[in-house]
Structure formats: C-alpha cells, structure tokens
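A quick write-up on the structure given underneath.
Read-outs throughout are calculated quantities, based only on the coordinates presented, and are distinct from any laboratory measurement. Since this is a predicted model, take the numbers as computed values, not measurements. Glycine gets a Cβ as well: all are built from the backbone with ideal geometry, and neighbour counts include every protein chain shown.
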Amino acid sequence: MYAVISDRSRQNGVRVGDVVECDLNTTWNAGDVVKFDDVLLLSNEGDIQVGTPHLAGVSVSAEVLGDSKGKKEIIFRFKRRKNVRVKKGHRQKYTRVRITSIDV
C-alpha cells in the first residue's frame, strides 16, 4: 500500500515503516502519534484512488521519532572588484516521523 500525503506545504510518498522528515513542528513530542488527514493519492495493489483535492475517510498514522537537522547549506554572495563578500550558513530543522499505518 502506498499513499501521497500533504503536510502543510510539502508532499511525501509513504509506505508503512517509512521514516519521513517533515518541517519542524514544535507541538509534536517524541513518542506522540500523529494523523495526516490530507491524503492526495492511495494505491492499493494496482487500485489507484486520486483525491480532488483530498480523499475522504483516508488517513495516515505516524509515530514521532524526534527532531533532526538537515545538512548545512552555505550561501556566499560575492561582487568582484568591490570588496563585497558575505558568507552565511543555513541548517533546516525537521521532525522525523515513522509511518505506522494507512487507514482506509
């Protein structure tokens, strides 16, 4: 069974047992069970259902594993011959969840 879920602004394709990184959610704690109700697509052994925009009565349950950080991105701004050099870094924060079930 395969589903495409929408979590705020991102879409993820998930199966049971997958570990997915969602944008940081400070209201979720490690060990909590969360439910994603915005299921856009459901595939069950070749039978595909597509929502317009969401499927009614379908949800995905997940267990929160904790917070994590993505890899460091370096932003470097440079103008030649003007002595302008600006180096900045960014590290995105995520919440990791493990998909436990897809409820139809």
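The set of residues from the range 7-58 being within 17 Å of THR100 (Cβ to Cβ) and among the aliphatic types (A, V, I, L, M) comprises VAL14, VAL16, VAL19, VAL20, ALA30, VAL33, VAL34, VAL39, LEU42, VAL58. Any idea which residue in the range 73-104 is surrounded by the most Cβ atoms within 10 Å (Cβ to Cβ), counting only those that are within 30 Å of VAL33 (Cβ to Cβ) and β-branched (Val, Ile, Thr)? The qualifying residue surrounded by the most Cβ atoms within 10 Å (Cβ to Cβ) is VAL97.
Each row is one residue, and each column tells you yes or no for (1) of a type in the set (Lys, Arg); (2) out of contact with any Lys or Arg (no Cβ under 6 Å at 6 or more places or on another chain); (3) in contact (Cβ under 8 Å) with a residue 12 or more places away in the chain.
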| position | (1), (2), (3) |
| --- | --- |
| PHE36 | no, yes, yes |
| LEU41 | no, yes, yes |
| VAL50 | no, yes, no |
| LYS87 | yes, yes, yes |
| ARG96 | yes, yes, yes |
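The residues of the range 52-104 that are closer than 16 Å to ARG10 by Cβ, among the small types (Gly, Ala, Ser) and outside any loop (DSSP other than H, G, I, E, B), listed by number, are ALA62, SER68. Evaluation of THR52 against the conditions (1) among the hydroxyl-bearing types (Ser, Thr, Tyr); (2) over 18 Å from TYR2 (Cα atoms); (3) loosely packed, with under 14 Cβ neighbours inside 10 Å shows that the sole unmet condition is (2).
Looking only at the range 1-49, residues that are farther than 16 Å from THR95 by Cβ, outside any strand (DSSP E or B) and under 14 Å from the mean Cα position of the chain (by Cα) come to 3 in all.
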